[in-house]
């Protein structure tokens with residue numbers, strides 16, 4: 001990595017650290033997950049990073065995994081975010097972050113990761129399957145038979161196989177103690193994805209599969225007193241969404257509404273992180289076993305907000321509002 005990229009990475013890390021601390025300002029300093037161990041698979045950036053940070057803020061020890069480190073950049077090509085930085089953000093939030101470079105398509109690496117968690121903590125209370133990284137392979141305007149096959153199959157491996165491999169090795173540790181929680185992360189709720197084709201073909205399959213995975217795991221985990229569910233953020237203002245797609249920052253994100261007015265319903269990654277903490281801290285979380293849940297929907301149930309005090313309900317908005325409209329009115333939706 002050259003000096004220019006390294007400097008940009010360091011500046012980005014400082015910015016993200018500051019954003020995390022600012023977003024963290026909350027009069028409630030209770031840490032309901034103290035003594036709990038979590039594994040966030042796919043925590044380099046976006047929702048995974050935010051979920052790891054919020055788990056740490058709640059007191060958990062959080063193992064964070066991904067393929068981009070300070071010494072290696074994954075196929076996403078984004079060097080600005082690393083798992084080491086995520087671990088540092090977890091520490092700064094009040095938890096304990098442990099970065100473990102892991103390619104979740106490599107069973108030996110995942111097996112070693114879980115063995116380390118067992119050796120160091122002796123338990124796993126929360127497993128978050130947030131592995132993705134497939135966007136760069138998606139040919140958004142192609143029919144199934146026009147889409148590059150190798151890219152399509154890579155999308156399925158990144159979005160489905162990684163989750164399966166991770167659960168295969170992590171669940172035997174998680175089920176040792178009743179109360180374990182498995183969270184499959186996807187894009188879209190069952191209510192939205194069911195009747196809507198999330199084109200193109202390979203993307204649709206990759207985002208539908210975690211919904212079914214959660215349903216199946218819910219059946220298999222119930223006898224151990226553990227819960228599996230599927231969680232989706234809304235329109236996520238991830239690092240890539242901000243700087244690549246809309247070319248804005250978190251500070252001036254509303255300027256992106258000039259390109260797409262419906263960006264007004266978007267949310268920070270911290271929102272879904274807070275949703276995860278609400279679930280993990282809920283002693284009655286088993287009532288959600290097998291369910292498809294969203295950050296916006298859970299905000300109504302648990303009473304948390306996004307960092308600006310709003311509670312955007314993106315999937316209800318996207319279902320009820322004409323997305324072809326040149327204007328957007330989020331009144332009643334955030």
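Read-outs: derived from the displayed coordinates by stated rules, not from any lab. Keep in mind that this is a model prediction, so the values were computed, not measured. Quick reminder, even Gly has a Cβ in these numbers, built from the backbone with ideal geometry, and neighbours come from all protein chains shown.
Residue check: is residue 60 in contact (Cβ under 8 Å) with a residue 12 or more places away in the chain, surrounded by 24 or more Cβ atoms within 10 Å (Cβ to Cβ) and over 12 Å from the mean Cα position of the chain (by Cα)?
Values: in contact (Cβ under 8 Å) with a residue 12 or more places away in the chain: yes; surrounded by 24 or more Cβ atoms within 10 Å (Cβ to Cβ): yes; over 12 Å from the mean Cα position of the chain (by Cα): yes.
Judged against the criteria, residue 60 is a match.
Quick test for you: out of 123, 96, pick the one residue that is surrounded by fewer than 23 Cβ atoms within 10 Å (Cβ to Cβ), more than 20 Å from the chain's Cα centre (by Cα) and farther than 19 Å from residue 46 by Cβ. Full working, then the answer.
On the way: 96 fails: more than 20 Å from the chain's Cα centre (by Cα).
The match here is 123.
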_Take residue 234 and tell me if it is farther than 15 Å from residue 127 by Cβ and touching a strand residue (DSSP E or B) at 6+ places or on another chain (Cβ under 7 Å)._
yes
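Sort out for me the helices (runs of 4 or more DSSP H) sitting completely within the range 126-209 that have 3 or more residues that are touching a strand residue (DSSP E or B) at 6+ places or on another chain (Cβ under 7 Å). Explain how you work it out, then say what you get.
Values: elements: 149-156, 162-174, 190-193.
Qualifying helices (runs of 4 or more DSSP H): 162-174.
Condition check ((1) surrounded by fewer than 18 Cβ atoms within 10 Å (Cβ to Cβ); (2) at negative phi; (3) assigned to a helix (DSSP H, G or I); (4) without any contact (Cβ under 8 Å) to a residue 40 or more places away in the chain) across all residues:
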position: 52; (1), (2), (3), (4): no, yes, yes, no
position: 55; (1), (2), (3), (4): no, yes, yes, no
position: 68; (1), (2), (3), (4): no, yes, no, yes
position: 74; (1), (2), (3), (4): yes, yes, no, no
position: 80; (1), (2), (3), (4): no, yes, no, no
position: 87; (1), (2), (3), (4): no, yes, yes, yes
position: 90; (1), (2), (3), (4): no, yes, yes, yes
position: 100; (1), (2), (3), (4): no, yes, no, yes
What about residue 198, is it touching a helix residue (DSSP H, G or I) at 6+ places or on another chain (Cβ under 8 Å), exposed (fewer than 15 other Cβ atoms within 10 Å of the Cβ) and without any contact (Cβ under 8 Å) to a residue 24 or more places away in the chain?
-> no
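How many residues are assigned to a loop (DSSP other than H, G, I, E, B) and in contact with a helix residue (DSSP H, G or I) (Cβ under 8 Å, 6 or more places away or on another chain) when one looks only at the range 270-282? Full working, then the answer.
To start, the set of residues in the range 270-282 that are assigned to a loop (DSSP other than H, G, I, E, B) comprises 281-282.
Subsequent filtering for residues that are in contact with a helix residue (DSSP H, G or I) (Cβ under 8 Å, 6 or more places away or on another chain) retains 282.
Final tally of qualifying residues: 1.
For residue 306, state whether it is surrounded by 19 or more Cβ atoms within 10 Å (Cβ to Cβ), farther than 18 Å from residue 192 by Cα, in contact (Cβ under 8 Å) with a residue 24 or more places away in the chain and within 18 Å of the chain's Cα centre (by Cα). Steps first, answer last, please.
Details: surrounded by 19 or more Cβ atoms within 10 Å (Cβ to Cβ): yes; farther than 18 Å from residue 192 by Cα: yes; in contact (Cβ under 8 Å) with a residue 24 or more places away in the chain: yes; within 18 Å of the chain's Cα centre (by Cα): yes.
So residue 306 fits the description; yes.
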When the range 283-334 is checked residue by residue, the ones that are in contact with a strand residue (DSSP E or B) (Cβ under 9 Å, 6 or more places away or on another chain), under 22 Å from residue 228 (Cα atoms) and in a loop (DSSP other than H, G, I, E, B) are 289, 290, 291
